[in-house]
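Quick notes on the structure that follows.
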Amino acid sequence: LTSLRRFDEAERENLTALQLAEQENDVSIKADALLELASVAQGAGRFDTALSRLREVERIRRTVGTPRAVALCQRRIGEVLVDLGRYDEAVAELKAATEAMTSLDTVQVARALTSLGTAYLRSDRPTQAKIALTKALKLADELGSPHYVAGVLVGLGDVAERTGDASSARLHRDRAYQIYASSGDPRAAD
């Protein structure tokens, strides 16, 4: 529901899951529900709420001792910090997530690098953005994940536009559009 941008429905379902997790005293499911609620809040533009929920998930995951889940929280926190315009904090979180995921999950490394590229671009560092996004694209291509490739291509299109390379921007965005449109992803319209 969140991916389809049906935020009210997604929030209702995840609040129910959170309530059930709390009734059963299941901290792992509670963390999962809070993570989904953070996604809903972020998608709906409620970034402070998303950040608060993600910090709670991170606290739970550190207590439970799940390194991959902690690194995932760092990536997500970094993304919300970008949305809040807190770029230096975002870069620090995203670098930490990238480093932590290097030995755990290549897909998440690619996602963290993509988000790091966005943080760099929004803080007016297009050269660093391009470096991070180029690494992310290489990983996403190697993984054979069109969905992640499309996300990186959008970022590279933004970098190309920022640096005045309209031709490359158009090529990257067209390729991303084709991937999103073929799967019915709502981001094709974006």
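If you go through the range 112-148 one residue at a time, how many are in a helix (DSSP H, G or I) and farther than 30 Å from residue 182 by Cα?
Number satisfying all stated conditions: 2.
Please find, within the range 23-39, the residue that is nearest to residue 53 (Cα to Cα) out of those that are out of contact with any helix residue (DSSP H, G or I) (no Cβ under 6 Å at 6 or more places or on another chain) and of a type in the set (Asp, Glu).
Per the stated criteria, the residue is 32.
In contact with a helix residue (DSSP H, G or I) (Cβ under 6 Å, 6 or more places away or on another chain) and modelled with pLDDT of 95 or more, is that true of residue 1?
Against the criterion (in contact with a helix residue (DSSP H, G or I) (Cβ under 6 Å, 6 or more places away or on another chain) and modelled with pLDDT of 95 or more), residue 1 does not qualify.
Here's the yes/no breakdown for (1) touching a strand residue (DSSP E or B) at 6+ places or on another chain (Cβ under 9 Å); (2) hydrophobic (A, V, I, L, M, F, W, C); (3) at pLDDT below 95; (4) crowded, with 22+ Cβ neighbours inside 10 Å:
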{"site": "119", "(1), (2), (3), (4)": "no, yes, no, yes"}
{"site": "141", "(1), (2), (3), (4)": "no, no, yes, no"}
{"site": "169", "(1), (2), (3), (4)": "no, yes, no, no"}
{"site": "182", "(1), (2), (3), (4)": "no, no, yes, no"}
{"site": "185", "(1), (2), (3), (4)": "no, no, yes, no"}
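Have a look at 75, 68 and point out the one that is under 23 Å from residue 26 (Cβ atoms) and either modelled with pLDDT of 95 or more or touching a Leu at 6+ places or on another chain (Cβ under 6 Å) (or both).
68
Which residues, counting only those in the range 132-190, are β-branched (Val, Ile, Thr) and over 19 Å from the mean Cα position of the chain (by Cα)?
163
Out of the helices (runs of 4 or more DSSP H) lying entirely within the range 1-111, which hold 2 or more residues that are open to solvent by 50 Å² or more (accessible area, probe 1.4 Å) and free of Cβ contacts under 8 Å to residues at least 40 places away in the same chain?
7-24, 27-43, 47-64, 87-101
Within the range 17-38, can you find the residues that are within 17 Å of residue 71 (Cβ to Cβ) and in contact with a Lys or Arg (Cβ under 8 Å, 6 or more places away or on another chain)?
If the condition is that a residue be within 17 Å of residue 71 (Cβ to Cβ) and in contact with a Lys or Arg (Cβ under 8 Å, 6 or more places away or on another chain), then 31, 34, 35, 38 are the ones that fit.
Can you find even one residue in the range 146-161 that is at pLDDT 95 or above, surrounded by fewer than 20 Cβ atoms within 10 Å (Cβ to Cβ) and out of contact with any Phe, Trp or Tyr (no Cβ under 8 Å at 6 or more places or on another chain)?
Yes, some residue in the range 146-161 is at pLDDT 95 or above, surrounded by fewer than 20 Cβ atoms within 10 Å (Cβ to Cβ) and out of contact with any Phe, Trp or Tyr (no Cβ under 8 Å at 6 or more places or on another chain).
The values are calculated or read from the model by the stated rules, or taken from the named source; none is laboratory data. Only a predicted model underlies this, so the values are computations on that prediction, with no experimental measurement involved. Cβ coordinates were reconstructed from backbone atoms using ideal geometry, including for glycine residues, and neighbour counts include every protein chain displayed. Quick note on the areas: whole protein, heavy atoms, side chains included, nothing else; ligands and nucleic acids left out. Shrake-Rupley method; radii C 1.70, N 1.55, O 1.52, S 1.80 Å.
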